[in-house]
1. Here are some residues: GLY16, GLY26, GLY43. Which one is within 16 Å of LYS6 (Cα to Cα) and of a type outside the set (Phe, Trp, Tyr)?
2. If ALA57 passes every condition in (1) at negative phi; (2) touching a residue at least 24 places away in the same chain (Cβ under 8 Å); (3) among the small types (Gly, Ala, Ser) but one, which one does it miss?
3. I need the strands (runs of 3 or more DSSP E) fully contained in region 59-99, keeping only those with at least 1 residues that are closer than 10 Å to ALA32 by Cα and at pLDDT 90 or above.
4. Output the number of residues of region 12-45 satisfying the condition of being within 12 Å of SER78 (Cβ to Cβ) and in contact with a Pro (Cβ under 8 Å, 6 or more places away or on another chain).
5. Take ASP85 and decide whether it is crowded, with 16+ Cβ neighbours inside 10 Å and more than 15 Å from the chain's Cα centre (by Cα).
Amino acid sequence: MPAQLKVIRKVVSTAGTQEKLTTTTGTWCFWAIFKADSSAYIGNSDVSATTGRRLVAGDPDLVIPPYLTEPPQPFDLSTVWVDVDTDGEAIQVLYLEAS
């Protein structure tokens, strides 16, 4: 099956509480573009305002380029966690699914 372009929109219900970007284990992708609706943070399971990569609406999107690793291999979006500054804020991720 050829790779498919997909989108994840993750709404974080409670600010200060980390949530997984996706609960679908093995969401493998070749590249991803992260965009915050307002203000959000991405990182690992302890992501917060002090430990995460901040994304702000209007700033350039965060792009994870193809084949960031050596040797080239896809990465798993289910390992990404999200936090926000205000309850109900969201992050969107456009990605090329690795099939």
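The values are calculated or read from the model by the stated rules, or taken from the named source; none is laboratory data. In this text, all values refer to a predicted model and were calculated from it rather than measured experimentally. Methodologically, a virtual Cβ is constructed for each residue, glycine included, from the backbone with ideal geometry; neighbour enumeration extends over all protein chains shown.
1. Residue meeting the stated conditions: GLY26.
2. (2)
3. Fully inside region 59-99 and qualifying: 62-64, 90-97.
4. Total satisfying the criteria: 2.
5. Yes, satisfied.
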